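What follows is a short report on a single structure.
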Amino acid sequence: MFDDAIAPSILAEFVDESLDSLESLPSLFIEMEKKPQDTEVINAIFRPVHSIKGNSAFFGMLKLKNITHEMETTLDLCRNHELTPNQKIIDILLKGLDEVIEIFGRIRNGEQEVLDEEKFNSLVEEIRSSQQLEEQEIAVLPDFSELSQNLKSVLESGILDGSDEKVLIENSLQMVEQLYCPIGKVSESEDTPESTLDLYTQIFNWIDDSGDEELEEDECTKLTELLDSLGEQIEEGEAKELFSSIRDEYETFVSTVGLDSLLRDLLKEKLEPLKELYPLEAPITEELEIELEPEPEELIPMNDLAEVEEVPVLAVEESTDPIVAKEDKGEQKSNKTMRVPEVTIDEFLNFVGELVVVREMYDHLRLHFEEKGVEPELTSELRRYTDNFRQVSGELERTCMNIRKQPIKTIIQKIPRIVRDVASACGKKINVEINGDEISVDKSLIGILEAPLVHMTRNAAGHGIETIQERLDLGKDETGLIKIDVLEDDEYIFIEISDNGKGLNFEALRQKGISMGVFNENDKPSEQEISQIIFMSGVSTAEKVTDISGRGVGMDVVKKYIEGAGGLIQIQSTPGEGSKFTIQMRKSITTQIIDGLILKLNETHYVIPLKYVVESFPPEAENFCNAYDKFEHIKRYDQLLPVVRLNEIFTGMPEPTRSKEEGILIVVDYNGQKIALLVDQIVNIQQVVLKPLKGLHMNKELFTGGALRGDGYISLILNIEKLINERTSLTPIS
């Protein structure tokens, strides 16, 4: 169990920061599997694991420290090229990562680190067993001496003198002699002499060799001397300041509590960034004697060069200039972050909404003054102040909304791991391509989109992409592809999940629709209508999944989840080529401030969100007609637009007899579908604050909420989607 003496706020910050640092690891592990020799990728995984291991000891989380220590050891062997991160090792490390994340979840809930000790210990042992070094095969090297001698004999014979072939033979002989590498014998020694190691390595080795027991200050003399030697080699600058802080912390701890496990981890954690900032070369020494034999004993052939163990080389920094490094460090300091509870930001956003209402009140007051004939100079000055207030409050509104934004990468980066696990279980090969994951969305969308994205991606990998043999039989590449494209406009975010798999089986879906009573036997529905069958809950049993390529598993839940949050999901599919699912969501579902068109109907004001409004125009009697569905339409630009008389819907009674040229028509558009709303009058356009409807006994489906206007009154906001989609079956309200 973690240390109860730690302040809850500090513990919560540690948990949040640690989980943030682990978010990118699943995709990095996939990258590591593809590029096992890429040290940068391995280091990117190593750093957060190492940091968590060091900090967990401070919080008394010994289980967490134990598992991260073993993961760190495995990663260290990989980055030193002593262990190849193959699929088996990646599987084990991913299991370890899952356990670390679960531990943090339990800690956040006030539970113990580990609930199943046996399972945990088994996992730790599995990670430890992955550290067994691979056996290196020793190649039997052929002798190049005979080839070299034969080439020399040809040259000495003189038969090629003056010919081009002689030059080729001479070049060949030179290449053979370069490959004719005698391997010297290094004087035998079990350990590398300490004098050949740089000071950082000597310090790390001393700490590792000191065990886990607490040591008194007088037992740490050697470590103190090594730290002093390190301090002497570091010149003035940022590195010197960093070392001084490390030295001060060391002296404080070692003189009071001695050298314990916490100080050991603290030193290693602090020295790692110092080593990167101020690297040291190993000192040159003559103690390592190289004895070369007069005759070569082993030769390295060209074909076997790739099997020779790679010789470590010093990493080349992009810039070793301490001034440049300091400037870069300064740049990073300018982008500091601060953790703020989400509820605090939501409260702030609510106050911004109220500020918008106040802004509209001032504007309403100005208009009232103008109507009453107040002195023009006074109203002009009030207009100027109101415009300034509008500009500042608008900037505050935009800034507040940006505070809530997070990169959608937070959830998108989990997809490669999900696809990898499904492909591995199904014996498939699938690549994942992600575009647009740098786009930021409101934090509320992160929680809403995660479950549908995970489910749809798993469906695409498990049921959309064919097996290797099926793809080969169809003449396709054995490796399938799943693409995630994130797009945006001013108001919406679009997420496309596409695959190049088998696509939907429309005939099987049509038959399923007939059996469920959706279609009649003689119906000829469009592919778009047929594809909607997969969103029905009846398409979910294993037998039926096979009939329709598995695309219906839980998709009804996905659709309800997306549409429940005000989103939309669409399908495009071509049999044999693949499918594409598109999710459309507003960038922020918590935004309570919208631009609205204020209209009047029977002396009551209503609001239409401005984003749906196409145009408005006065009606002309000769343009009205009853179209094929027997409902009233109006001709506009060679189109027939359905007419919705809002007064009849809201009162439940036919409108009083009046001229067809009375009122005004407002054309609204939702996803390409248009209708014309007949109202009495358009009042103006203004920003309004959306408020939820509570305690009203009415058909709430026709309204998305209430809008607090600048004059202090509340107007209902029309649900345009509902009006368009169900215009023929609207229930009048009273």
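Each reported figure results from applying straightforward, stated rules to the coordinates on display, with no laboratory input. Being a predicted model, the structure only gives us computed values, none of them experimental. For neighbour counting, all protein chains shown are included, and Cβ atoms are generated from backbone atoms with ideal geometry for every residue, glycine included.
Among the listed pairs K409/K580; K35/K502; K35/K88; K476/K512; K428/K559; K65/K240, those with a Cα-Cα distance over 22 Å are K35/K502; K476/K512; K428/K559; K65/K240.
Amide H to amide H distances under 5 Å link G596 with L610, Q686, Q687, V688, where only residues 5 or more positions off or on other chains count and H is placed in the peptide plane. One Cα centroid belongs to region 91-106, the other to region 336-375; the line between them spans 46 Å.
By the count of neighbouring beta-carbon atoms within 10 Å, fewest first, E521, E395, E269 end up ordered E521, E395, E269. Residues in region 223-233 carry Karplus couplings, in order, of 5, 4, 5, 5, 5, 4, 5, 5, x, 5, 7 Hz; the curve used is 6.51 cos²θ - 1.76 cosθ + 1.60 with θ = phi - 60°, and Gly or Pro positions show x.
A simple charge model with +1 on the Cβ of Lys and Arg, -1 on the Cβ of Asp and Glu and nothing else charged puts the dipole of region 64-136 at about 240 debye relative to its Cα centre. Neighbour counts of other Cβ atoms within 10 Å put H69, H81 in the fewest-to-most order H81, H69. Region 1-76 and region 459-509 have Cα centres spaced 34 Å apart. Among V358, V518, V254, sorting on how many other beta-carbon atoms sit within 10 Å of each Cβ, with the fewest leading, yields V358, V518, V254. For region 342-404, a/c is not less than 1.5, where a ≥ b ≥ c are the root eigenvalues of the C-alpha gyration tensor, and a/b tops b/c. That puts it in the prolate class. A viscosity of 0.692 mPa s and a temperature of 37 °C, combined with the Kirkwood radius over Cα pairs in Stokes-Einstein, give a translational diffusion coefficient for region 8-129 of 226 µm²/s.
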